[in-house]
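Working notes, beginning with the structure itself.
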Amino acid sequence: MSKAPIADLFGAPEPSLKSAIPQVDEAAKPLADRLRPKTLAEVVGQDHVLGSGGAIARVIERGFLPSLILWGPPGVGKTTIARLLAEAAGYEFQQISAVFSGVADLKKAFEQAQFRHSQGARTVLFVDEIHRFNRAQQDSFLPYVEAGVVTLIGATTENPSFELNGALLSRCQVFVLKRLDDAALDQLIARAEDHLGHGLPLTPEARDTLKLLSDGDGRYILSLIESLDHMGFDAPIDSEGLLAHLQKRRPNHDKDREGHYNLISALHKSVRGSDPDAALYWLARMLNGGDDPLFIARRLIRMASEDIGNADPMSLLMCHAARDTYEVLGSPEGELALAQAVVHMASAPKSNSVYTAFKSAVKLAKETGHLDPPAVILNAPTKLMKDIGYGAGYIYDPDDPDGFSGQNYFPDGMKRPKFYDPKGDGHEGKTKQRLEYWAELREKKQKW
């Protein structure tokens, strides 16, 4: 039985997006397109997965291409790698974008892949920005992936753990692609110079600045090089001249995405790690990225309680003062108060003793919430309550010769727990001495 052409199965073929786009000469294409790698060996900066012994390289060597997710920042080669993987494995390559596609586009893609599958051909369905699909759309991939109709390759700049369905994620291998480092960017610059037929009109310092401007984005640095080439400089320009002629890249930081939480985590851990310089850097990164300074102020207050605590009680007061100062002054003047609080906390002695003590107390309170306070510390505002023993034997501590009664304040029959154990740094040093003295005195008085 002869195989029916695809047009007979699905009607007259609709014009493809590719055919609707006017074809342009190779020389008119953007430099990034002209320099797009033709083989996996030409991809730069991803040797950890594509190089000898890399996870993707091992998969290709076995002649099998599983469904996978390529997770990485913009401009590191996700689309190129997907296309070259399909080519290396002998699969048909079909591409859609979750930004521009809907249910009808998915249905059509699955139908075409199903036809190829019936003809013995295998399909890589590449989905750019796959995290943009909602949960129901992501679920629609499952039967086709499970049946082997499509090998799914998804590309995302967002953490797959947060953005993709667990069911879909369990059927895919996740490969993390890295932001391009200096060595990879140098390779791209060299390729661009070779393609253009001349070196870039930049001083060595300006070349370094060019790499910094790219923020590890290969497509972006090639765009900058192309813009620079069109400006036609005769003599090398320095960093200042480069910055004056090229548009600065917006910080890669979305306030409601993972990058936002990564930066606040970096700030928090730098403060906790007593590194004021790193803490100031991450504070500046957050402010440059457009984070709400009052959000940062709230997180600083949290740090003061969690990581510094009673080792330096002034930190909590300073953070509140920094928040109030910012509310009065606004940006940029008020940001200095946040920086002052950050430096103070990063330089302060640290103690999480209150934090850990409270967590332990909460846990025990949940387990023993049915126990009543001991009668000795209950108020007795009525005669009946006095008659049944409320407050009987209570010692008013200021009247005790030591100013410390040593009474039991936990429920009767509960073994006395120890939650708060100050480390002895900073202000907590004196607190630790006091608590140790009272513990010895309590033990003596309870034996009397």
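The values are calculated or read from the model by the stated rules, or taken from the named source; none is laboratory data. Owing to the predicted nature of the structure, the values given are computational and were not obtained by experimental measurement. Counting neighbours? That spans all protein chains shown, and the Cβs are built from the backbone with ideal geometry, glycine included. Protein only, heavy atoms only, side chains kept; ligands, DNA and RNA dropped before computing areas. Shrake-Rupley method; radii C 1.70, N 1.55, O 1.52, S 1.80 Å.
Residue count for segment 383-392 satisfying the condition of being farther than 16 Å from Gln407 by Cβ and either of a type in the set (A, V, I, L, M, F, W, C) or modelled with pLDDT of 85 or more (or both): 3. Being open to solvent by less than 100 Å² (accessible area, probe 1.4 Å), farther than 30 Å from Lys363 by Cβ, touching a Phe, Trp or Tyr at 6+ places or on another chain (Cβ under 9 Å) and in a loop (DSSP other than H, G, I, E, B) holds for only one residue in Ala380, Ala392, and it is Ala380. Identify all residues within segment 129-162 that are in a loop (DSSP other than H, G, I, E, B) and either in contact with a His (Cβ under 6 Å, 6 or more places away or on another chain) or among the hydroxyl-bearing types (Ser, Thr, Tyr) (or both); write none if there are none. Correct list: Ser140, Val149, Thr157, Glu158. Scanning segment 82-100 for residues that are without any contact (Cβ under 8 Å) to a residue 12 or more places away in the chain and within 31 Å of the chain's Cα centre (by Cα) turns up just one, Phe100. Assigned to a helix (DSSP H, G or I), in contact with a strand residue (DSSP E or B) (Cβ under 9 Å, 6 or more places away or on another chain), open to solvent by less than 20 Å² (accessible area, probe 1.4 Å) and touching a residue at least 12 places away in the same chain (Cβ under 8 Å): is that true of Phe126 in this structure? So Phe126 fails the test. Of the residues screened, Asn352 is one that is touching a helix residue (DSSP H, G or I) at 6+ places or on another chain (Cβ under 7 Å) and not hydroxyl-bearing (Ser, Thr, Tyr). Considering (1) modelled with pLDDT of 90 or more; (2) crowded, with 18+ Cβ neighbours inside 10 Å; (3) within 30 Å of Ile69 (Cβ to Cβ), say which one Ser214 fails and leave the rest. In the conditions (1) modelled with pLDDT of 90 or more; (2) crowded, with 18+ Cβ neighbours inside 10 Å; (3) within 30 Å of Ile69 (Cβ to Cβ), Ser214 misses (1) alone.
Among the conditions (1) modelled with pLDDT under 95; (2) assigned to a helix (DSSP H, G or I), Gln340 misses just one, which is (1). Can you pull out every residue in segment 302-334 that is buried (at least 18 other Cβ atoms within 10 Å of the Cβ) and either among the β-branched types (Val, Ile, Thr) or in contact with a strand residue (DSSP E or B) (Cβ under 6 Å, 6 or more places away or on another chain) (or both)? Within segment 302-334, Ile308, Thr325 meet the criteria.
Of all residues in segment 395-448, those satisfying the criterion of being under 30 Å from Asp307 (Cα atoms), open to solvent by 70 Å² or more (accessible area, probe 1.4 Å), part of a loop (DSSP other than H, G, I, E, B) and in contact (Cβ under 8 Å) with a residue 12 or more places away in the chain are Tyr409, Asp421, Lys423, Asp425, His427.
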